[in-house]
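Reviewing the structure listed below.
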Amino acid sequence: MQIESIKMFCDLSGTESFTKAAQINGITQSAVSQQIRAMERHFGCHLVERSKKKFRLTREGEMLNQYGLNIIKTYDELCCKLQDLQSVVSGTIRLATIYSIGLHDLPSYLRNYLRKYPEVSVQVEYRRATQVYEDIISNVADIGMVAYPTRDPKLDIIQLQRDTMVIIACPDHPFAKKESISIKELDGQHFIAFETGTPTRKAVDKVLKEKGISVDIVMEFDNVETVKRAVEINNGVALVPSRTVSLELESHSLSVLPLNDVVLYRPLAALVKKDKFLSPAMREFITELKNSPH
């Protein structure tokens with residue numbers, strides 16, 4: 001019985017999905033099914049209920065998962081301790097991030113990190129915020145990066161730098177003639193918003209409501225890139241993180257206006273599963289995130 005098979009079984013139990021277990025372990029879904037059958041032959045018992053529509057482990061499967069998790073944790077600790085003894089920082093980090101952080105914040109972190117630790121491979125997945133949380137909890141990813149982090153008893157949240165929110169407008173918009181703007185001037189404006197339910201949308205809605213400001217939402221998008229494109233063709237104005245518009249500011253394709261009567265921040269955070277044993281590569285990456293002057 002190889003430890004990879006035990007890990008695959010624990011991943012299947014944690015995700016309750018043959019597809020996700022296959023993704024985590026870099027194998028096909030049919031290979032996961034074959035390994036489960038091989039383990040059942042080895043132990044002489046059924047591990048997964050096959051008569052139910054909902055995924056469910058048998059009593060034997062529950063016991064294997066319980067002991068298997070301890071075996072995997074001990075094995076991971078052993079690998080990390082051996083790397084520590086040799087002062088080696090290598091291996092693979094699976095990173096899940098929302099689009100705006102992945103496109104605008106992550107590159108500088110990665111450049112600095114990989115310059116120090118070229119033996120590490122960082123695999124990046126761009127996900128919606130809710131999916132980032134799911135990926136960390138189910139071990140699909142090792143580290144997550146989100147904005148406006150939400151507390152979860154299964155996760156450790158590592159606070160990172162904050163990004164200032166700014167108003168963006170098309171250069172032909174009346175706002176473009178200003179050097180800064182009051183948030184109250186948004187009242188009645190055509191507004192390009194983030195999709196309902198996204199953390200940034202919730203934060204912006206909360207501030208506008210507190211200030212008694214009513215905007216005319218003409219478009220909604222799930223990522224900052226499409227928000228910027230809509231503003232560029234003068235469909236409305238938007239509130240976005242300042243670091244996401246550095247290129248547009250440089251090329252003058254957008255007017256970027258700081259707020260002069262209120263300071264709004266978008267907090268960023270890294271997520272790791274609580275009690276997860278971090279490899280040297282993961283620990284150093286988190287240190288890079290925390291200490292970067294970005």
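The values are calculated or read from the model by the stated rules, or taken from the named source; none is laboratory data. What you see is a predicted model; the values in this text were computed from it and never measured. Don't worry about glycine lacking a Cβ; one is built from the backbone with ideal geometry, like all the others, and counts go over all protein chains shown.
Things to note:
- Looking only at segment 134-150, residues that are under 19 Å from Gly26 (Cα atoms) and touching a strand residue (DSSP E or B) at 6+ places or on another chain (Cβ under 8 Å) come to 8 in all.
- With a requirement of 1 or more residues that are more than 28 Å from Leu278 (Cβ to Cβ) and not β-branched (Val, Ile, Thr), the helices (runs of 4 or more DSSP H) lying completely within segment 1-73 that satisfy it span 29-43.
- Residue satisfying all of: in segment 18-45; in contact (Cβ under 8 Å) with a residue 40 or more places away in the chain and surrounded by 15 or more Cβ atoms within 10 Å (Cβ to Cβ); farthest from Gln123 (Cα to Cα) among these: Lys20
- Residues that are modelled with pLDDT under 90 and surrounded by fewer than 14 Cβ atoms within 10 Å (Cβ to Cβ) within segment 67-78 comprise Asn70, Thr74, Glu77, Leu78, listed in sequence order.
Per-residue answers, yes or no, for (1) among the β-branched types (Val, Ile, Thr); (2) in the same structural domain as Ala141 (by TED's automatic domain parsing):
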{"residue": "Ile24", "(1), (2)": "yes, no"}
{"residue": "Cys45", "(1), (2)": "no, no"}
{"residue": "Val48", "(1), (2)": "yes, no"}
{"residue": "Ser51", "(1), (2)": "no, no"}
{"residue": "Leu64", "(1), (2)": "no, no"}
{"residue": "Thr97", "(1), (2)": "yes, yes"}
{"residue": "Val124", "(1), (2)": "yes, yes"}
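- Filtered residues of segment 84-130 (kept if within 20 Å of Ile24 (Cβ to Cβ), out of contact with any strand residue (DSSP E or B) (no Cβ under 8 Å at 6 or more places or on another chain) and of a type outside the set (Val, Ile, Thr)): Arg128
- Segment 130-175: number of residues that are assigned to a strand (DSSP E or B) and under 22 Å from Gly236 (Cβ atoms): 8
- Within segment 3-26, tally of residues that are at negative phi and among the acidic types (Asp, Glu): 2
- Qualifying residue in segment 195-213 (condition: surrounded by 15 or more Cβ atoms within 10 Å (Cβ to Cβ) and in a strand (DSSP E or B)): no
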